[in-house]
Amino acid sequence: MDLIQHARELYTTGRMHDALEAAQAACDRAPKDSEAWALLGRISRHAGLPAASDEAFRRASQLDSGRALPHRVSPERFRALVLDAGAPATVRVQPMPTEVQVRAGVDPDALTHRDPAAPDVLVLFQVNHENHSPSEDALRALIVRSLARE
């Protein structure tokens, strides 16, 4: 099985430590594969390694000029952007899906989530929004789109 595919499968089932090892091996075997580096960036963030995550995203961006670096903001700034977007009181911000949520079926790259136990609460995942946003304007626009879809 392809190492990137294997790492992605481990990642989407919440096996972050194993996914991290597989993604690192994929990058070692294919050091010019921007997708491998981007996946390593996402997995590293879930594994609690923000500096390694940022470095992997930087490498992915260097290898593929179409890949922008994620725009990171503080939790307070993200909440302010969510409020500026007109979010209702039933919106909650969470850094990213927890390992428990991922193992329960939430996509680790999801932008939003509604828990069946609290369907009136929409959760926005900050890091995943940042991963798709090269600037604060892009981040703001993605938040607005995420709220509009729900």
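The values are calculated or read from the model by the stated rules, or taken from the named source; none is laboratory data. These figures come from a predicted structure and were not determined experimentally. Every residue, glycine among them, receives a Cβ derived from its backbone with ideal geometry; neighbour counts consider all protein chains shown. Remember, those area values only see protein heavy atoms, side chains included, never the ligands or the DNA or RNA. Shrake-Rupley method; radii C 1.70, N 1.55, O 1.52, S 1.80 Å.
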- Could you give the accessible area per residue of the chain, probe 1.4 Å, as a whole number in Å²? 52 Å²
- Stretched fully, the stretch from D137 through E9 gains (0.36 nm per residue minus C-alpha distance, one decimal, in nm) 42.9 nm
- Task: Report, in degrees rounded to the nearest 10, the 0 to 90 angle that the Cα long axis of helix 50-63 makes with the longest principal axis of the chain.
- Result: 70 degrees
- Query: Do the sum for the chain: with -39,500 (n - 2.57) for every DSSP H run of n ≥ 4, divided by all residues, what is the mean residue ellipticity at 222 nm, to the nearest 500 deg cm²/dmol?
  - Reply: -17000 deg cm²/dmol
- Task: Kindly report, to the nearest 10 Å², the accessible surface of D84 as traced by a 1.4 Å probe over protein heavy atoms only.
- Result: 110 Å²
- Stokes-Einstein D for segment 72-150 (10 °C, 1.306 mPa s, Kirkwood Rh from Cα pairs), in µm²/s, comes to 126 µm²/s
- Item | Low-density loop positions, trypsin sites (Lys or Arg not before Pro), segment 17-97 - DSSP coil, at most 11 other Cβ in 10 Å | K32
- Message: What three numbers, in Å, describe the spread of the alpha carbons of the chain along their principal axes, ordered from the longest?
- Response: 47, 33, 23
- Message: What is the angle, in °, between the Cα long axis of helix 136-149 and the longest principal axis of the Cα atoms in the chain? Nearest 10 is fine, range 0 to 90.
- Response: 70 degrees
- Message: Using only Cα atoms and rounding to the nearest 10 degrees, what angle (0 to 90) does helix 16-29 make with the longest principal axis of the chain?
- Response: 50 degrees
- Message: For the chain, give me the percentage of DSSP beta bridges that are antiparallel, rounded to the nearest 5 percent.
- Response: 50 percent
- Note on the structure: The percentage of the accessible area of segment 7-150 (probe 1.4 Å, all protein chains present) made up of carbon and sulfur atoms, to the nearest whole number, is 53 percent
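Which order do you get for S44, S61 if you rank them by accessible area with a 1.4 Å probe, largest at the top? All intermediate terms of the calculation are to be shown ahead of the outcome.
On the way: S44 5, S61 30 Å².
Correct descending sequence by accessible area is S61, S44.
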